[in-house]
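Read through the structure below, which is laid out as structure tokens, and then see the notes.
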Amino acid sequence: MISQNIVQVEFVASTQYAIGARVPRTGLYVCVPCGYVEQFQEGELFPTCEACLAGTENGPEGFQEEEVEFWEFVS
């Protein structure tokens with residue numbers, strides 16, 4: 001008798017959010033440039049990353065404009 005194991009994999013596209021964007025769902029979000037993780041509540045507005053200042057002129061290269069998307073949902 002042959003046994004089959006079926007694994008279902010759900011693909012979730014990663015979406016990134018900029019400063020001022022509304023948090024779509026409560027959970028943990030990571031700052032892509034530095035890896036800082038912060039919890040946000042649904043409906044809040046995403047802030048500047050307090051660890052690396054992404055979204056400001058003092059942020060990492062490539063992440064210095066407020067409109068740059070860098071917050072990504074983790075769980």
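The values are calculated or read from the model by the stated rules, or taken from the named source; none is laboratory data. All values reported here derive from a predicted model rather than from experimental measurement. Glycine gets a Cβ as well: all are built from the backbone with ideal geometry, and neighbour counts include every protein chain shown.
Quick rundown of the values:
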{"quantity": "In region 19-47, the residues that are crowded, with 16+ Cβ neighbours inside 10 Å and in contact with an Asp or Glu (Cβ under 8 Å, 6 or more places away or on another chain)", "calculated": "Ile19, Val23, Tyr29, Val30, Cys31, Val32"}
{"quantity": "Hits in region 1-18 (condition: more than 11 Å from the chain's Cα centre (by Cα) and either of a type in the set (Ser, Thr, Tyr) or at pLDDT 95 or above (or both))", "calculated": "Ser3"}
{"quantity": "Any chance Glu72 is touching a Phe, Trp or Tyr at 6+ places or on another chain (Cβ under 7 Å), among the acidic types (Asp, Glu) and modelled with pLDDT of 95 or more", "calculated": "yes"}
{"quantity": "Residue list for region 32-49, filter: within 13 Å of Pro60 (Cα to Cα), among the hydrophobic types (A, V, I, L, M, F, W, C) and within 10 Å of the chain's Cα centre (by Cα)", "calculated": "Val32"}
